[in-house]
Amino acid sequence: MTIQITIVGLGQIGASVGLALRDHGELVRRIGHDRDFGVARRAEKMGALDKVVINLPSAVREADLVLLALPIDQIRDTLAVIREDLKEGVVVMDTGPVKEVVAAWAAEILPPERYYVGLTPVINPAYLHEVDTGVNAAHSDLFRNGLVSIVAPPRTPSEAIKLAADLTRLVGATPFFADPLEMDGLMAATQTLPQLMAAALLNATVDQPGWREGRKVAGRSYAEATSSIVHPTEPATLRAAALSSRENVLRVLDGLISSLQSLRNDIHTQDAKALDERLARARRGREEWLKQRTSANWLEEELTTAETPTPAEWFGRLLGIRKKRDT
């Protein structure tokens, strides 16, 4: 007997989860669904799935765990579509960048005895500079040496939270538990803000005076600074992320604008010393971050590890959830 995991959304994250679980066939049966059937078939051929199910309600009907690896703008509608077909005791997880609003949607939409736990995966530092996107960027070790934050609403059964931690370990990552407000703030600063910065730079240059010639000489710096705009494949995804975490995004945007204003003032006043210090501090900050991110020393310093769960432990989690349901 195995636990059925249905992965809805087979881009980089969803397909990578499937690939990471490939060697755990004694624990997991992997069902996959994507609204793009070609993507689903590609994931299946890569070995990320045991089976593709085209019909979404059918895909989740027997699932013990449903993983929504979807853009934030698709999650609410997907919850509404699957709600009537989720069996009692199922745990629904998502991998989106905004947790507080998704938890609210889950509380509103999911029937009783269906539980939500939010995940925020942090990828293997080896892939930080990868340019591929979607299913073509899927790797079995995408989460190795990375973290997965776990956010659970109040009164979530402990067994459901442990299932999320078990899944995290199975894909090669280390779990850590986070407050949804804190996590949303961190993602606003480290994911949404860089994408908005890229949009701002592009809007400030493309089709502006001088662009006819500027497009011919724009090089590596321009390409790197604007590359994050393509990671959400649709503008609606970035728009939804920004609006769903409005207060956090406004706060980090204000910080960015203040930082840009300081640079502008240094340049305007020709304060070479202040400008040197500001630029040097930024460079040191990036170097230190990249060193720490690559070595991932905090996994040993701050976080505890645990053994990969056994089949009995996994089934025990599900049994515990169902017992709570019946009491």
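The values are calculated or read from the model by the stated rules, or taken from the named source; none is laboratory data. Keep in mind the model is a prediction, meaning the values are calculated, not measured. Cβ sites come from the backbone with ideal geometry, for glycine too, and all protein chains shown count toward neighbours.
Each row is one residue, and each column tells you yes or no for (1) within 15 Å of the chain's Cα centre (by Cα); (2) modelled with pLDDT under 95; (3) farther than 28 Å from Arg239 by Cα; (4) of a type in the set (Phe, Trp, Tyr).
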{"position": "Ala63", "(1), (2), (3), (4)": "no, no, yes, no"}
{"position": "Arg83", "(1), (2), (3), (4)": "no, no, no, no"}
{"position": "Asp94", "(1), (2), (3), (4)": "yes, no, no, no"}
{"position": "Lys99", "(1), (2), (3), (4)": "yes, no, no, no"}
{"position": "Leu110", "(1), (2), (3), (4)": "no, no, no, no"}
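Residues that are under 23 Å from Ile13 (Cβ atoms), without any contact (Cβ under 8 Å) to a residue 12 or more places away in the chain and assigned to a helix (DSSP H, G or I) occur in the stretch 236-257; there is at least one.
When Arg286, Arg264, Arg278 are checked against the criterion of being surrounded by 14 or more Cβ atoms within 10 Å (Cβ to Cβ) and assigned to a helix (DSSP H, G or I), a single residue qualifies: Arg278. Scan the stretch 230-251 and give yes if some residue there is modelled with pLDDT of 95 or more, among the β-branched types (Val, Ile, Thr), closer than 13 Å to Leu193 by Cα and loosely packed, with under 12 Cβ neighbours inside 10 Å, otherwise no. Within the stretch 230-251 (the criterion being modelled with pLDDT of 95 or more, among the β-branched types (Val, Ile, Thr), closer than 13 Å to Leu193 by Cα and loosely packed, with under 12 Cβ neighbours inside 10 Å), the answer is no, since none of the residues qualifies. In the condition set (1) aliphatic (A, V, I, L, M); (2) within 13 Å of the chain's Cα centre (by Cα); (3) crowded, with 22+ Cβ neighbours inside 10 Å, Val135 is compliant with all but (2). No other residue among Leu193, Leu186 is part of a helix (DSSP H, G or I), in contact (Cβ under 8 Å) with a residue 60 or more places away in the chain and farther than 27 Å from Glu44 by Cβ apart from Leu193.
Scanning the stretch 110-122 for residues that are free of Cβ contacts under 8 Å to residues at least 60 places away in the same chain and closer than 17 Å to Gly9 by Cβ yields a total of 3. Return yes when Asp85 is out of contact with any Pro (no Cβ under 8 Å at 6 or more places or on another chain) and of a type in the set (D, E, K, R) and no when it is not. So Asp85 fails the test.
The condition (being aliphatic (A, V, I, L, M) and at pLDDT below 95) is satisfied by just one residue among Met46, Met1: Met1. Scanning the stretch 150-176 for residues that are farther than 25 Å from Pro111 by Cα and either outside any loop (DSSP other than H, G, I, E, B) or touching a Ser or Thr at 6+ places or on another chain (Cβ under 8 Å) (or both) returns Thr168, Arg169, Leu170, Val171, Thr174, Pro175, Phe176.
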